[in-house]
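Report on the structure given below.
The values are calculated or read from the model by the stated rules, or taken from the named source; none is laboratory data. Predicted model, so just to flag it, every value in this text is computed and none were measured. All Cβ positions, even for glycine, are placed from backbone atoms using ideal geometry, and neighbour counts span all protein chains on display.
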Amino acid sequence: MQEPIEPGYMVFVADGDVGVGAVREVHADSRELVVNIENGGDFTLPAEAIRDVHEGKVILDMEHLPQAMREALKHPHDAEDPDYEAPGSQDETAGQ
């Protein structure tokens with residue numbers, strides 16, 4: 001049995017991959033959820049589009065996703081600055 005899905009859970013194409021979005025809404029009555037895909041917007045998905053749920057992660061089933069969402073998933077991180085490094089991410093001994 002899958003654990004219940006909650007807003008804020010991260011969304012993944014495959015377990016172990018980088019997250020591509022997050023759950024915004026869960027509609028238990030219609031068995032649908034709204035997910036926001038980075039750089040792609042919001043999509044409403046049927047329960048069949050979920051392969052697995054565990055540890056606050058929602059793993060998608062690509063075969064059951066709308067075509068527009070599949071297209072959005074090709075480029076979820078394109079808007080990110082490739083030169084950005086989070087504070088503290090560099091080796092502090094570098095350059096000494």
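Within the range 1-17, residues that are over 16 Å from Phe43 (Cβ atoms) sit with their Cβ atoms under 6 Å from residues that are surrounded by 10 or more Cβ atoms within 10 Å (Cβ to Cβ) and modelled with pLDDT of 85 or more, at 6+ positions apart or across chains, in these pairs: Gln2/Val53; Glu3/Val53; Asp15/Ile59. Look at the range 38-62: where a residue is at positive phi and assigned to a strand (DSSP E or B) and a partner is surrounded by 14 or more Cβ atoms within 10 Å (Cβ to Cβ) and of a type outside the set (D, E, K, R), sitting 6+ places away or on another chain with Cβ atoms under 9 Å, you get Gly41/Ala72. Filtering Val53, Val35 for residues that are of a type in the set (Val, Ile, Thr), surrounded by 15 or more Cβ atoms within 10 Å (Cβ to Cβ), under 15 Å from Glu3 (Cα atoms) and modelled with pLDDT of 90 or more leaves a single hit, Val53.
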